[in-house]
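Structure, as structure tokens:
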Amino acid sequence: MTTTDPARTDLGFTDPDPRRSGPLDRIPGILLPIVSVLLAFAIGGILIWLQGVNPFYAYWVLFSNALGSSEGLIRVMEKSTPLILTGLAVTVGLRAGLFNIGAQGQLLVGAVGAAWAGYAFTVPAIIHLPVAIIFGMLCGAAWASIAGVLRAYRSVSEVITTIMLNSIAIALVDYLASRPLKEPDQPLSRTPAIAESAALPSFGIIPSGFVLAVIVALFFGWFLVRTTSGFRFNTVGLNPNAARYAGISVKGTIVLAMAVSGALAGMGGAIETLGVTGRFEPAFNAGLGFDGITIALLARANPIAAIPAALLVGTLRAGAATLQFETGIEPEVVDVILAITLLLVAAPIVARLLFRRRAMKQTTVTSRWGS
Amino acid sequence: MHRKLLAAGVIAAALVLASCSSSTDEAATDSTAAASEAAPAESTEAAPAEEAPAEEAPADAAPALTTDDSNCAAPENFCIGLVTDTGKVDDKSFNQSAWEGAQEAANVTGGFAKFIETTDPKDYLNNIAQFTSKAYDVIVTVGFLMGEASIEAAKANPTTNFVGVDQFQGEAIPNLTGLVFPEDKAGYAAGYLAGLMTKTNKLGAVLGTDTVPPVKLFGEGYKAGVLAANPEADVTIVYHEPNNAFNDPEWGAAEAKKQLSQGADIIFGAGGNTGNGALIEIAKAPGAGETIFCIGVDTDQFFTVPQAQKCLLTSAEKKLKQGTADLILAAKDGAFPGGNFLGNTGLAPYHNTEAVVPDDVKSQVDAVIAGLADGSIETGVTLG
Amino acid sequence: MSARWAYILGGVIVAGIVVAFFMDEIRTVSVLSFSLRYAVPLILAAMVGIICERSGVINIGIEGQMLMSAFAGFFGAAITGNLILGTLIGIGTGMIMGGFLAVGAVTWKMDQIIAGTIINILATGLTSFLYAQGYVLPGVTPTVRIPLLADIPLVGPVLFNNGLFTYAAIIISIVLWGLLFRTIWGLRTRSVGEKPSAADTSGIGVQRLRFVNVTFAGGLAGLAGAYLALEAAGTFERGFTAGRGFTALAIMIFGAWNPLGAMFAAIFFGLTQGVASQLQADEVLAIPPQFVNMLPYVLTIVLLAAVSGRISPPAAVGKPYEKD
């Protein structure tokens, strides 16, 4: 009789236990998120139907507008970009046994950092753009590192510190945009517009920020599986004791994983600023970090799967306004659908329907709340 | 129209089913017990929603010429679109007033009106584009924060007329009219009334954030008006912080209570739900409507915040509904002004406090309102 | 936190309040009343966190539980025309939301953070989607002045002239402190949160106790939500809990998972808000409000960093309990 220390043993994102194989168990884990999404859409469809709208028509409107025109596609890609990155931020943390729910704060800090770097200098684009992005990433990494260092050296739960850091970040960027970094001679709380040389270009209809996010996701798909450093993350996440015996610095890996996670979220913020909004305003960027949690779980902590997961969420978000325009359904229906998706994918509801009872090991990511 | 009620029931049922179908041996009984409780309570909570859908088909009642937006490009059809600031058309505030104006214009012209509620400020342009892509005739964009998006959309769609509510235009664009209001004048008139009515010579104000110019104009105008009527008076103004400034009714209520207990007898609440929280709190105070009063903002809050009726002296009104409707009608008649259009401001009727306000106060306030209108009285308020 | 520092800090604050009282009675009393009022939902929400964590379950869904209960309580009261019924509906909804966390985190052994996150997202989406305008509360919650006690200078008007929810919050904190540290239930709860395997060996039903505690704690979140809608704001608006459920987590930690400590921590943070807005209103000193708002969070992080090891959460928190 022991309490499990599940973060150390099983991320819960593994496929069903082969020893208890049921008829469906050979189908890879991709089935769970797909069925969950479909079920969530079905429940959302009932909600829509109860409002007097044909759900098939509503979903058709939602998807056809988002995916059926180049403007729609651009919007979906723009919406998905920060979501891929915050999804990755959460994923990298999960792989190392850390639950980073502070992606929102890291993204905000990255966004305001990139805005500052974007307007404060006058240098050629070839230097300015990378500098601004990297500066945003560093801001996000630094912000997350507070939680990483406290976790590694003071045994303070990263969950609680990242919640606190989210709230501090919201207040901090608000302060920065309304006082020291405020654009002069106008009343709004916002920074000046970034210089032309710091703006992310588009390749045809494809925003370069999206390309960047996809490349980063693919990189992490390779990094986490194929490299020694990636292996360290996984080992520390799965079994820190084994990692210690193998000579891996657990503390160093925790700090590094958290910093990388923050850098990814910060990059999401930087791309928003440099590619979409052109400046920082506190009202921008709301909720992006929290969608990251949904995406990471939907992708089952797989970096490459974060791309389709983010595209799905981005499509819903991009299509919500059209849905209201065409059918009168309030845009909040998207939040309800996403919440149900998260519930189905994370709770053992669908898993138990699909696989044998108890065949699915439970998802437990967080390890310790404090010391 | 029990649709939303049903919706809630279905969600409750789904959750119940979900928990039943897979609850494990150990706490199975517990979870079903919790779930079966869920069903009735969840349905009750949703019941209020019944009335909502009625708003969604406003044009039905119109002398229906244009009943949908399938062919807005045809000259005989008149389509009005509205994009809210990040907020809802039932916000009891500017989004709602502007939408009522759009509906009224649709009724008068036999046109068709529709809205989109913005959920993310990055979507302003895209939401406007929904309407332009269907060749809407007039698009109302609500709120100061949409200013730049409106300018960009107006330049890109020269044949569509745009009404920018609370959006001051620096450079005139023929198909974009900023509907702006001298909020300081409305605040001044309200302050003047308060200055005459106060017995304690202490006045308060609970406002949204001073980073939004109309709010600051209201506040500064109020203060100037109080001091003009009553130089002895002491005015206390608190602003909410910018984050969540217009949706913190608890804070507004707590601040109002604090000002009341420090002796203020008339308090101006201006700032969306935050200000409404202040009004509702003041209405609870002993003596509300007799010695303690509140002043609302934007629309006649006697109707939008009925809980505050008891204390409500008046509201510093921006005739937003009227201004929006007027501009839409001007567009229909081909007389769309462009540039800036100065909407009316004023004080709402006294309603329940009609008998409490002395006649000489009423006439003095009327004189001030007239003076503000003809320019003989200036508020002296400028935003630095 | 070493108790000495807490006492010193408390002493300084009390001395400051007394001095302020002799300088300006009206302002001092009104600022203190503001602080208490600000603290009420935070106290109740922190109690939710304390019960859950003392039982070994992290509850980051307090925000969503409060929002959902405020919604149900407000519309319940508006439709039934009865504030007491509305309050009960709010509390009941809170318990359902608590039961939801219990099913997820205890029965299903889901990740507790994810279960809480789902509650938050679902509550935000649902209350916003189902919201409807045009409903008004049937009345006003009464303010109860306690005779004699309310006549004590300074303390009286602040503490003994309040709404029922305020008294409830203070009484619940004290009672919960007693329950946790002086009763069998408290002993069992703490053992389930610290060393569930030992508790199990000694015959305590770990799962059952956790399930019941988390569900009932949800009822307190319901009370907090009902307070916000029915007494504090007198209305329901979308998202109007404005992060108070997260502030409560900071307060829980700042109060060292002790109900009385959390109560004082909540009042302390209420006081910082009250003093800052008073300074702004009197045009004495405009502290950027953002700094005041981040204070609880910054202090919590500093505290955790400084005294980790000496102040720590229940050992088994966050871990589902499984028999071998």
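The values are calculated or read from the model by the stated rules, or taken from the named source; none is laboratory data. From a predicted model like this one, the values you see are computed outputs, not experimental measurements. Note that we place each Cβ from the backbone using ideal geometry, even for glycine, and neighbour counts take in every protein chain shown.
Condition check ((1) in contact with a Ser or Thr (Cβ under 6 Å, 6 or more places away or on another chain); (2) more than 14 Å from chain C (Cβ to nearest Cβ); (3) closer than 27 Å to B:Asn126 by Cα) across all residues:
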{"residue": "A:Met77", "(1), (2), (3)": "no, yes, yes"}
{"residue": "A:Thr81", "(1), (2), (3)": "no, yes, yes"}
{"residue": "A:Val92", "(1), (2), (3)": "yes, yes, no"}
{"residue": "A:Leu98", "(1), (2), (3)": "no, no, no"}
{"residue": "A:Ile101", "(1), (2), (3)": "yes, no, no"}
{"residue": "A:Gln104", "(1), (2), (3)": "no, no, yes"}
{"residue": "A:Leu108", "(1), (2), (3)": "no, no, yes"}
{"residue": "A:Gly113", "(1), (2), (3)": "no, yes, yes"}
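Grab the helices (runs of 4 or more DSSP H) fully contained in the stretch B:54-163, keeping just those with 2 or more residues being over 30 Å from A:Thr277 (Cβ atoms).
Counting at least 2 such residues, we get B:94-109.
Within the stretch B:72-87, can you find the residues that are polar (S, T, N, Q) and within 25 Å of the chain's Cα centre (by Cα)? Result: B:Thr84, B:Thr86. From the list C:Leu179, C:Leu223, the one residue that fits, being surrounded by 18 or more Cβ atoms within 10 Å (Cβ to Cβ), modelled with pLDDT of 95 or more and not charged (D, E, K, R), is C:Leu223.
Considering (1) surrounded by fewer than 20 Cβ atoms within 10 Å (Cβ to Cβ); (2) within 14 Å of another protein chain (Cβ to nearest Cβ), the lone condition that A:Ala120 does not fulfil carries the number (2). For the stretch A:164-212, filtering for residues that are within 14 Å of chain C (Cβ to nearest Cβ) and surrounded by fewer than 16 Cβ atoms within 10 Å (Cβ to Cβ) leaves 2. Would you check if B:Ala224 is crowded, with 24+ Cβ neighbours inside 10 Å, part of a helix (DSSP H, G or I) and hydrophobic (A, V, I, L, M, F, W, C)? When the stated conditions are applied, B:Ala224 does not pass them.
The one condition from (1) modelled with pLDDT of 95 or more; (2) surrounded by 17 or more Cβ atoms within 10 Å (Cβ to Cβ); (3) not polar (S, T, N, Q) that B:Lys318 does not meet is (1).
Checking A:Ser197, A:Ser261 one by one, the residue that is touching a Gly at 6+ places or on another chain (Cβ under 8 Å) and of a type in the set (Ser, Thr, Tyr) is A:Ser261 and no other.
Within the stretch B:106-150, the residues that satisfy the criterion of being away from chain A (no Cβ under 14 Å) and crowded, with 20+ Cβ neighbours inside 10 Å are B:Ala106, B:Thr109, B:Gly111, B:Asp137, B:Val138, B:Val140, B:Val142, B:Ser150.
Here is the figure for the stretch C:138-155: residues that are in contact (Cβ under 8 Å) with a residue 60 or more places away in the chain and under 22 Å from C:Glu25 (Cβ atoms) total 2.
In summary, strands (runs of 3 or more DSSP E) completely within the stretch B:291-363 and bearing 3 or more residues that are out of contact with any Lys or Arg (no Cβ under 6 Å at 6 or more places or on another chain) occur at B:293-298, B:312-318, B:339-342. For the residues B:Tyr239, B:Tyr188, B:Tyr192, the requirement of being within 26 Å of C:Arg37 (Cα to Cα) and among the hydroxyl-bearing types (Ser, Thr, Tyr) singles out B:Tyr239. Against the definition (in contact with a Phe, Trp or Tyr (Cβ under 9 Å, 6 or more places away or on another chain) and under 18 Å from C:Thr141 (Cα atoms)), how does B:Gly252 come out, yes or no? Here the answer is no, as B:Gly252 does not meet what is asked. Restricting attention to the stretch C:226-249, the residues that are crowded, with 24+ Cβ neighbours inside 10 Å, small (Gly, Ala, Ser) and over 21 Å from B:Lys258 (Cβ atoms) total 3.
Of the residues in the stretch B:239-246, none is more than 10 Å from chain C (Cβ to nearest Cβ) and in contact (Cβ under 8 Å) with a residue 40 or more places away in the chain. Among the residues of the stretch C:105-121, the ones that are assigned to a helix (DSSP H, G or I) and more than 9 Å from chain B (Cβ to nearest Cβ) come to 11 in all. Quick one: is C:Phe34 out of contact with any Cys (no Cβ under 9 Å at 6 or more places or on another chain), assigned to a helix (DSSP H, G or I), in contact (Cβ under 8 Å) with a residue 24 or more places away in the chain and more than 14 Å from chain A (Cβ to nearest Cβ)? The answer is yes for C:Phe34.
Taken over the stretch A:280-300, the residue count meeting the criterion of being surrounded by fewer than 24 Cβ atoms within 10 Å (Cβ to Cβ) and more than 9 Å from every other protein chain (Cβ to nearest Cβ) is 1. With respect to (1) touching a strand residue (DSSP E or B) at 6+ places or on another chain (Cβ under 7 Å); (2) in a helix (DSSP H, G or I), the lone exception for A:Val156 is condition (2). Check the stretch A:163-174 and report whether any residue there is assigned to a helix (DSSP H, G or I), of a type in the set (Ser, Thr, Tyr) and within 15 Å of A:Val255 (Cα to Cα). Looking for residues that are assigned to a helix (DSSP H, G or I), of a type in the set (Ser, Thr, Tyr) and within 15 Å of A:Val255 (Cα to Cα), one finds none in the stretch A:163-174, hence no.
Residues that are within 14 Å of chain C (Cβ to nearest Cβ), within 22 Å of the chain's Cα centre (by Cα) and part of a helix (DSSP H, G or I) within the stretch A:307-335 comprise A:Val313, A:Leu316, A:Arg317, A:Ala320, A:Val333, A:Val334, A:Asp335, listed in sequence order.
Among the conditions (1) over 30 Å from A:Thr162 (Cβ atoms); (2) away from chain A (no Cβ under 14 Å), the only one that C:Ala132 does not satisfy is (2). Quick one: is A:Ser155 in contact (Cβ under 8 Å) with a residue 24 or more places away in the chain, within 14 Å of chain C (Cβ to nearest Cβ) and surrounded by fewer than 18 Cβ atoms within 10 Å (Cβ to Cβ)? Considered against the rule, which asks whether it is in contact (Cβ under 8 Å) with a residue 24 or more places away in the chain, within 14 Å of chain C (Cβ to nearest Cβ) and surrounded by fewer than 18 Cβ atoms within 10 Å (Cβ to Cβ), A:Ser155 comes out as yes. Could you please find all residues in the stretch C:267-312 being within 24 Å of A:Gly105 (Cα to Cα) and away from chain B (no Cβ under 14 Å)? Answer for the stretch C:267-312, where residues must be within 24 Å of A:Gly105 (Cα to Cα) and away from chain B (no Cβ under 14 Å): C:Pro296, C:Val298, C:Leu299, C:Thr300, C:Ile301, C:Val302, C:Leu303, C:Leu304, C:Ala305, C:Ala306, C:Ser308.
Within the stretch C:142-155, identify whether any single residue is more than 12 Å from chain A (Cβ to nearest Cβ), at pLDDT 95 or above and either within 30 Å of A:Pro348 (Cα to Cα) or assigned to a helix (DSSP H, G or I) (or both), and answer yes or no. Can you show your working first?
Here is the first cut: in the stretch C:142-155, the ones more than 12 Å from chain A (Cβ to nearest Cβ) are C:142-155.
Narrowing further to those that are at pLDDT 95 or above: none.
No, the stretch C:142-155 contains no residue that is more than 12 Å from chain A (Cβ to nearest Cβ), at pLDDT 95 or above and either within 30 Å of A:Pro348 (Cα to Cα) or assigned to a helix (DSSP H, G or I) (or both).
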